[in-house]
Amino acid sequence: MNYENILVEQRDAVTLVTLNRPQSLNALNSEVLRELGEVFAAYEADKSQRCLVITGSGDKAFAAGADIKEMVEKETVDFYLEDFFSGWQRNVVHGTRKPWIAAVNGFALGGGCELALMADFIIASDKARFGQPEINLGVAPGMGGSQRLTRAVGKAKSMEMCLTGRMMDAAEAESAGLVARVVPHDEMLNDALKTAAAIASKPPMAALATKEMVDAAFETTLELGLKHERRLFQILTASEDKVEGMKAFVEKREGQWKGR
Ligand code: CO8
C-alpha cells in the first residue's frame, strides 16, 4: 500500500497509520482524508487485522488541524457542494466497526483534536497538547469538536477551549477524561502499539460488540442502551469464542479464538 500523505504498516494483527506531512505539522487535507478512507476500508475488510493505531510523524504534531492553506481560497459554494469534510464522519468514524486508537504525540489542534476524538480512545504523550483554535481563524470546530469534545470533557472546559482557543496539556487532558492515559513521550508509540496488540489478542467478535455497546452510550437513552448491551451480550453467547473462552478459564489455559 503506497500513499503520499500517510504511512501504513502492519505489525502482526495491528495496523499502524502515520500521518506524514511533517512540513505542515500533519495538517489534514482532502487527500489525507481520501487516503485514510481507503485504509479504514481495507482494515475493515482484512480479517488478519484486529486493531489500528493512528499517530503523527515527527516529534511535534499529531495533526495541527485541517489544512488552512487548502481552505483559505475555497468559497462557500464549494464547501457546500463538496459537503466539505463530511467524509471524516462517513469514511473514518463509520469506516470500521473494529477498534482503533489515536496515539497523540504532540499538537492535536482543530481537526487534529477532532480526529483524535473520533478514535475509540486516545493515548497521549506527555508532550501532547489539545485545542480547538478555530475561533482565531474566524470559524469554529467543523469536524465534531463542539460535540465530541463536549461529551468528553463537559460543557465548561469545552466551551472555554472553543471560545478562547487555549490549549490543554496532557496532564489536564487526562484529568478531564479526554485521554485514557498519558505516557512519557519516547515510550508513547510503543505503549499504544502494545495496547493495540492486547486488544488484537482478544476474541474479535467480542471486541466488535464491546465497541458497539460503548458507542451506543453516546447515541441513545440509558434504557435503550442497556437493552442494546443485553442483546449484544446474548448474541455473544452464541459464538464459538464464548464456549472456548469459558472452557479455557475453567481449564486454566489461554483461549484460542476463532473470531466467530
Ligand atoms: N494548516 C496548514 N499548515 C499548517 C497548519 C495548518 N493547520 N498548522 C501548521 N502549518 C504549517 C505552518 O504554516 C508552517 O508552514 P511554513 O513553514 O510553510 O510556514 C509549518 O506548518 C510549521 O508551523 P509553524 O511555523 O506555525 O510552527 P510553530 O511551532 O511556530 O507553531 C502551531 C505551531 C502552534 C501548531 C501553529 O502552527 C498553529 O497555530 N497552527 C494552526 C493551528 C490551527 O489553527 N488549527 C486549526 C485549523 S482549522 C480546523 O482544523 C478546522 C477543522 C474543521 C474543518 C471542517 C470544515 C467543514
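The values are calculated or read from the model by the stated rules, or taken from the named source; none is laboratory data. Please read all numbers here as calculations on a predicted model, not as lab measurements. Glycine also receives a Cβ, built like all others from the backbone with ideal geometry; neighbour counts cover every protein chain displayed. For the accessible areas, the whole protein counts, side chains as well, though only heavy atoms, and no ligand, DNA or RNA atoms are used. Shrake-Rupley method; radii C 1.70, N 1.55, O 1.52, S 1.80 Å.
All of 34, 11 fail the test of being touching a helix residue (DSSP H, G or I) at 6+ places or on another chain (Cβ under 9 Å) and within 16 Å of the ligand (Cβ to nearest atom), apart from 34. Quick one: in segment 162-190, of everything that is open to solvent by less than 60 Å² (accessible area, probe 1.4 Å) and touching a Pro at 6+ places or on another chain (Cβ under 9 Å), which residue is farthest from residue 117 (Cα to Cα)? Of everything passing the filter in segment 162-190, 165 is farthest from residue 117 (Cα to Cα). Flag: residue 219 does not match the condition of being acidic (Asp, Glu), without any contact (Cβ under 8 Å) to a residue 40 or more places away in the chain and more than 27 Å from residue 145 (Cβ to Cβ).
Looking across segment 138-161 at every residue that is among the hydrophobic types (A, V, I, L, M, F, W, C) and touching a Ser or Thr at 6+ places or on another chain (Cβ under 9 Å), the one that is most open to solvent (accessible area, probe 1.4 Å) is identified as 159.
Tallying residues that are touching a residue at least 24 places away in the same chain (Cβ under 8 Å) and within 16 Å of the ligand (Cβ to nearest atom) within segment 126-157 yields 18.
Remark: residue 106 falls outside the filter, which requires a residue to be within 13 Å of the ligand (Cβ to nearest atom), touching a Cys at 6+ places or on another chain (Cβ under 9 Å) and farther than 23 Å from residue 214 by Cβ. Can you name every residue in segment 6-36 that is touching a residue at least 60 places away in the same chain (Cβ under 8 Å), of a type in the set (A, V, I, L, M, F, W, C) and either touching a Leu at 6+ places or on another chain (Cβ under 8 Å) or not assigned by TED's automatic domain parsing to the domain that holds residue 79 (or both)? Of everything in segment 6-36, those that are touching a residue at least 60 places away in the same chain (Cβ under 8 Å), of a type in the set (A, V, I, L, M, F, W, C) and either touching a Leu at 6+ places or on another chain (Cβ under 8 Å) or not assigned by TED's automatic domain parsing to the domain that holds residue 79 (or both) turn out to be 14, 16, 28. For residue 220, the conditions (1) among the polar types (S, T, N, Q); (2) in a helix (DSSP H, G or I); (3) outside the structural domain of residue 147 (by TED's automatic domain parsing) all hold with the exception of (2). Among the residues of segment 27-71, the ones that are more than 13 Å from residue 100 (Cβ to Cβ), of a type in the set (S, T, N, Q) and open to solvent by less than 60 Å² (accessible area, probe 1.4 Å) come to 3 in all. Considering only residues in segment 42-84 that are near the ligand (Cβ under 9 Å from one of its atoms), assigned to a helix (DSSP H, G or I) and of a type outside the set (A, V, I, L, M, F, W, C), the one that is farthest from residue 204 (Cα to Cα) turns out to be 69.
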